[in-house]
1. Which residues in the stretch 111-144 place their backbone N less than 19 Å from a point set 7 Å from the Cα of D95 along the Cα-to-Cβ direction?
2. Tell me the relative contact order for the chain as a rounded percent, counting alpha carbon contacts under 8 Å between residues six or more apart.
3. Give me the distance between the Cα centres of the stretch 72-106 and the stretch 148-193, rounded to whole Å.
4. Kindly give the semi-axes, whole Å and largest first, of the ellipsoid equivalent to the chain, taking each as the square root of 5 times a Cα gyration tensor eigenvalue.
5. For the residue pair A78 and T178, what label-to-label distance in nm results when each label sits 7 Å from Cα along the Cα-to-beta-carbon direction?
6. Farthest toward the dipole's positive end in the stretch 3-203, which of Q21, A101, P191, given Cβ charges of +1 (Lys, Arg) and -1 (Asp, Glu) about the Cα centre?
7. Choose one answer from A116, A170, A78: the residue with the largest mean-square fluctuation in a GNM of the chain with alpha-carbon springs under 10 Å.
8. I need the per residue convex hull volume for the stretch 45-116, using only the alpha carbons, in cubic angstrom as a whole number.
Amino acid sequence: MSFYGERVLPHVINVVMHNKQTREIRARVCGGLAGEVLEIGFGTGHNLPFVPGEVTRLLAVEPSTRSVDLARSRITAAPFDVEVVGLDGQRLPVDDASVDAVLCTWSLCTIPDPVAAVAEARRVLRPGGRFHFVEHGRAPDERVRRWQDRWNPMQQRIAGGCNVNRDIRAIVEAGGLTVTTLDNYYSKGEPKVLGAMYEGLAVAT
Ligand SMILES: C[S@@+](CC[C@H](N)C(=O)[O-])C[C@H]1O[C@@H](n2cnc3c(N)ncnc32)[C@H](O)[C@@H]1O
């Protein structure tokens, strides 16, 4: 990985991903989590303060060791065990049907094969277990979609492989999960190209 990707980008993401709007979204997406939870794309641990007390252990999967370093104070403050168990959401080092829920926030945009990551989430979820997600992705409006396709190569370069134009619903379904709740909206104060949100729940059946 480049110096920018390894040493600079984690700090940028740590700041950019922490604002009033992301905090409100994280609170909603983490609501209802309980038991043993696996988080794909743990980043700098910004979800931890929103994870309910019913969670007993959180297994974190994150390729950036610098990001995990930046999460240390949040890990220490968490009222449950946080264990970094792997580097790649596409290959989870966890047994089949062993976790109660999987959490994934703004990471399917960046994971090279996001369908593989969702299929892994499905594999490790207990039957009936839920996938809690929020992602930015392909916009509902054709005009915005055209701009997303134009902008995407630049986004990939400056944001560590992030894509703005992925159809998140299609990815979650292709990974074998059943979407039970989905809210599509443009986030406030962000260009529509970057801010077409997919917030929801999917279940492993
Ligand atoms: C935009 S950041 C979001 C971080 C965090 N989920 C949050 O909500 O603040 C995308 C994250 O996906 C991670 N990522 C990239 N490739 C990945 C992979 N193959 N498996 C798991 N996570 C990955 C990045 O390192 C980064 O932490």
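The values are calculated or read from the model by the stated rules, or taken from the named source; none is laboratory data. Note that the coordinates shown come from a computational prediction; the quantities given were computed from them, not determined experimentally. Don't worry about glycine lacking a Cβ; one is built from the backbone with ideal geometry, like all the others, and counts go over all protein chains shown. Each accessible area value is taken on the protein alone, full model and side chains, heavy atoms only, with ligands, DNA and RNA left out. Shrake-Rupley method; radii C 1.70, N 1.55, O 1.52, S 1.80 Å.
1. From the stretch 111-144, the list is 120-130.
2. Values: 424 pairs, mean separation 37.4, N = 205.
Over the chain, the number comes to 18 percent.
3. What the calculation gives is 22 Å, centre to centre.
4. Working: eigenvalues 118, 81, 52 Å².
Equivalent ellipsoid semi-axes, largest first: 24, 20, 16 Å.
5. 3.0 nm
6. Farthest along the dipole direction, towards plus: P191.
7. Maximum among the listed residues: A170.
8. Working: hull volume 6.9 nm³, N = 72.
Taking only Cα atoms, the stretch 45-116 has a hull volume of 96 Å³ per residue.
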